[in-house]
Amino acid sequence: MYGCQQVLLSPNKELKAILEFICSESNKLTNCAIYYGRQIWFKCHSKLGKFDLINEYKTNPHYQVLHSQVAQQTLLSVRESFKSFYELDKKYRKGELENKPKPPKYRKKGGLSVVSYPKQALKLIDNQIQIPLGLTVNRWFGIKNFSITMPSNIRFEDIKELRILPRNGCFYAEFAYKIKTVTTKLDPKLALGIDPGVSNWLTCVSNLGTSFIIDGRKLKSLNQWYNKAVSKLKEGKPQGFWSQRLAHITEKRNRLMEGCCQQGSKNCN
């Protein structure tokens, strides 16, 4: 059984430039792989094998500039996306799906994409996780690796993967780690009814006669503030307008909403 934990990074100017660079190269490599997969599908109706993208792009500059394991994981992720598409297309042709599936679409040009490091690429030194950048970056910029602080609630031995996740101008370290399987004995005679609302976010009643209400007024106020702020910033701007300020308040709102949802779920346990 695996757990997942996100840690918001507060990088300095140098580290932020490094994170932007590797996530940008990952995005470019992803689009190259999607192009190849789409072309062989449309022109030859051929499917990608597990290692076809790695064999095709191992000499690509975007592949070589990344750490080898990161580049391989990026291409394998694209292949998994196409594998899901192939399975959906097969079901569509059998009449098991109503809507025709479409192959994976390109990512936004100039955007940032997730970078994934397997455990074997990481080292722990003085409570700092050392993350390698690859030979090419070391040769170009003289930087072998960068480091982030090890979370206190996770053992380094349990980590299976570390992902650098770019989102709305922020960077997160996402840890996938092994946890003990918890066996829970459920009593089918017990039940909890949950009625979602707005001001009363969750109204809960059990068949034992107990009840409670989780207040939703703070969430409602948060969403109202966010909607007004977005409306003001987009006023007079063309459709699709986006800015760093919009990204900042969107990320802030999402973090607050996620925190409220986690607290609410604990009350329902």
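When the pairs LYS28/LYS252; LYS119/LYS266; LYS58/LYS102; LYS58/LYS100; LYS50/LYS105; LYS16/LYS252 are compared against a 21 Å limit on Cα-Cα distance, LYS28/LYS252; LYS119/LYS266; LYS58/LYS102; LYS58/LYS100 fall above it. Here is the list for segment 214-269: GluC sites (Glu not before Pro) lying in DSSP coil, each with at most 12 other C-beta atoms within 10 angstrom of its C-beta, are GLU235. Each label was represented as a point 7 Å from its Cα along the Cα-to-Cβ direction; for ARG167 and LEU15 these points are 1.9 nm apart. Other residues whose C-beta falls under 12 angstrom from the C-beta of ARG245 contribute a net charge of +3, scoring Lys and Arg +1 and Asp and Glu -1.
Residue by residue, segment 146-151 carries 3J(HN,Hα) couplings of 9, 9, 9, 6, 6, x Hz when phi is fed to the Karplus relation 6.51 cos²θ - 1.76 cosθ + 1.60 (θ = phi - 60°); x denotes Gly or Pro. Between the Cα long axis of helix 68-93 and the first principal axis of the chain there is an angle of about 70°, rounded to the nearest 10. Here segment 192-268 is described by how far its Cα atoms reach on the three principal axes: 55, 18, 17 Å, from widest to narrowest. Cross-link reach is defined here as a Cα-Cα straight distance under 17 Å, omitting same-chain residues fewer than 8 places apart; for LYS228 the aspartates and glutamates meeting it are GLU251.
Annotation: aspartates and glutamates with alpha-carbon distance below 16 angstrom to LYS220 (same-chain offsets under eight excluded): GLU258. Taking other C-beta atoms within 10 angstrom as a stand-in for reagent exposure, LEU75, LEU219 fall in the order LEU219, LEU75, fewest first. Counting beta carbons within 10 Å around each of PHE51, PHE85 and listing the fewest first gives the order PHE51, PHE85.
Let me have the 222 nm mean residue ellipticity of the chain computed from DSSP H runs of 4+ only, each contributing -39500 (n - 2.57), with the sum over all residues rounded to the nearest 500. It comes out at -14500 deg cm²/dmol, rounded to the nearest 500. Here the residues LYS100, LYS185, ranked from fewest to most Cβ neighbours within 10 Å of their Cβ, fall in the order LYS185, LYS100. Near the amide H of LYS123, within less than 5 Å, lie the amide hydrogens of GLN130, all on another chain or at least 5 residues away, with H placed in the peptide plane. May I ask for the angle, rounded to the nearest 10°, between helix 217-234 and the longest principal axis of the chain, with both axes built from Cα atoms and the value confined to 0 to 90°? Tilt of helix 217-234: around 40 degrees. Compared with the dominant principal axis of the Cα atoms in the chain, helix 244-268 is inclined by about 50°. In units of the compact-protein estimate 2.2 N^0.38 Å, the chain shows a Cα radius of gyration of 1.24.
Per-residue packing, averaged as other Cβ atoms within 10 Å, sorts the ranges 22-34, 142-154 into the order 22-34, 142-154, beginning with the highest.
Each reported figure results from applying straightforward, stated rules to the coordinates on display, with no laboratory input. Since this is a predicted model, take the numbers as computed values, not measurements. Neighbour counts are summed over all protein chains in view; Cβ atoms, including those assigned to glycine, are modelled from backbone coordinates with ideal geometry.
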